[in-house]
Amino acid sequence: MPRFSPARASGPASNGKMPLHGLSRLAPHRHPSAIAHLTEREMEILRLMQQGLPNKTISRQLGIELSTVKNHVHSILAKLGAHNRGEAISLLYRYEKSREPRPGIIPLDEEPAVA
């Protein structure tokens, strides 16, 4: 059985694709604003992941191939710089919390009421 070699694992995979941990170095580093760079489909899949659905259930629900869901999940994790689904979901939660209106703070796109 081959032993794990960090040097070998950090280079391009034998199939010509960069491993996920390599892509995460190129992505915005785990900041909630990275959510804005996801496509509509990726957001849809991330929200289903947030509900705790596995890839197979997501593929059935959306009527797409399991491999397509896996590709989307891979892309989501890479764009967010997340190492796993839990980190991606945490970023979504933080993003949603940052967009909630706060009492006493007027959003930039609204004019203050004049009395």
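The values are calculated or read from the model by the stated rules, or taken from the named source; none is laboratory data. No experiment lies behind these values; they were computed from the predicted model shown. Quick reminder, even Gly has a Cβ in these numbers, built from the backbone with ideal geometry, and neighbours come from all protein chains shown.
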Output the residues belonging to the range 38-55 that are loosely packed, with under 14 Cβ neighbours inside 10 Å and of a type outside the set (D, E, K, R).
-> T39, Q51, G52, P54
All positions within the range 61-77 that are closer than 17 Å to E40 by Cα, part of a loop (DSSP other than H, G, I, E, B) and in contact with a helix residue (DSSP H, G or I) (Cβ under 8 Å, 6 or more places away or on another chain) = none
List, please: which pairs have Cβ atoms under 7 Å, are six or more places apart or on different chains, and start with a residue in the range 76-100 that is at positive phi and end with one that is buried (at least 16 other Cβ atoms within 10 Å of the Cβ)?
-> G81/S24; G81/A27; G81/P28; G81/R30; G81/A34
Under 6 Å by Cβ, and 6 or more places apart or on different chains, what pairs join a residue from the range 19-44 that is within 13 Å of A88 (Cβ to Cβ) with one that is assigned to a loop (DSSP other than H, G, I, E, B) and at pLDDT below 50?
-> A34/P28
Taking the condition assigned to a helix (DSSP H, G or I), β-branched (V, I, T), surrounded by 18 or more Cβ atoms within 10 Å (Cβ to Cβ) and without any contact (Cβ under 8 Å) to a residue 24 or more places away in the chain, does I58 pass?
-> yes
